[in-house]
1. For a label point 7 Å from the Cα of Q114 along Cα→C-beta, name the residues of the range 211-231 whose backbone N is under 19 Å from it.
2. If you line up the long axis of helix 2-15 against the longest principal axis of the chain, both from Cα atoms, how many degrees apart are they, to the nearest 10?
3. Net charge near S137: determine it from the other residues with C-beta under 10 Å of the C-beta of S137, scoring Lys and Arg +1 and Asp and Glu -1.
4. Provide the net charge surrounding N105, with neighbours chosen by a C-beta distance below 15 Å and charges set as Lys +1, Arg +1, Asp -1, Glu -1.
5. By the scheme Lys and Arg +1, Asp and Glu -1, what is the net charge of all other residues having a beta-carbon under 12 Å from that of V184?
6. Roughly how big is the range 187-230's charge dipole about its Cα centre, with Cβ charges of +1 (Lys, Arg) and -1 (Asp, Glu), in debye to the nearest 20?
7. Report the extension gain between K128 and Y40 in nm, rounded to one decimal, defined as 0.36 nm multiplied by the number of residues separating them, less their alpha carbon distance.
8. Once you've got the Cα coordinates, tell me which of K57/K142; K76/K185; K98/K193; K142/K185; K25/K108; K90/K222 are over 28 Å apart.
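Taken together, the values in this text are just the output of simple stated rules run on the coordinates, not laboratory data. Only a predicted model underlies this, so the values are computations on that prediction, with no experimental measurement involved. Positions of Cβ are generated from backbone atoms using ideal geometry, with glycine treated the same way; all protein chains shown enter the neighbour counts.
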Amino acid sequence: MFALKRYTEDLINLLFPALCNGCGKLLYHGENDICAQCLYDLPLTDFHKFEDNPVAKQFWGRLPLHAATAMLYFKKGTKVQNLMHSLKYKNQTQVGVKLGQLMGNRLKLAETYQDIDWVIPVPLHQKKLKLRGYNQSEYIAKGLANELGVQMDIKSLFRNKATESQTQKARYHRYENMQDVFGVKEINDLADKHVLLVDDVITTGATLEACGNTLLAHGIKKLSIAALAFAEQ
């Protein structure tokens, strides 16, 4: 029976080879979504170990945070960009869950992330959610919340208007583009709680700033943020 199962798996892999989302090479037995070499080569930041890390500094004077981190350095043309692209545009949601689990495994060893009550992913507008079919940040948050052993909330924070792409905008215009974009409902469960807000990539931080200020304005006790990757400006 085991031999037949292995033969069937080998035949499926021959006809439909499983490729690594980071480097594009064939995955070996026991590897899923990301090969062992790409996992080993991930450019980890270790920001969660330092209170005054570059992500935290980016929000100084903009957003009162308990803690802030991003797990990976993001640069164009790298395996990290490939992973993020697969997650965001190729329906490879399991990549987000896996990387979220890796981040959660690291954060649960950090003192500043010990008292998280809720994990909330940055929401998409309904139009974009319908077009893409899923929210990539939700899958990151799912893996992260599972590792931390806390609940994920995808209902309380919502995006009440669609915005233009942030990619080509300067820092000020990104901030201006995010004004009054987010809203909150069912806040009772979040009142006086420590919320961890989760996104995929931090560039200027305008989206997280808008989300965070909205949550704080509705009575949460503490706010922390975590992203998979950080793009240095």
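1. Within reach of a label on Q114: 222-225.
2. 70 degrees
3. On the way: positive: K88, K142; negative: E138, D199, D200.
Surrounding charge for S137 is -1.
4. Details: positive: K49, K98, R106, K108, K142; negative: D46, E147.
For residues surrounding N105, the net value is +3.
5. 0
6. Values: 3 positive and 5 negative charges, 34 e Å.
With Lys and Arg at +1 and Asp and Glu at -1, about 160 debye.
7. 28.3 nm
8. Values: K57/K142 26 Å; K76/K185 37 Å; K98/K193 26 Å; K142/K185 20 Å; K25/K108 32 Å; K90/K222 34 Å.
Pairs exceeding 28 Å: K76/K185; K25/K108; K90/K222.
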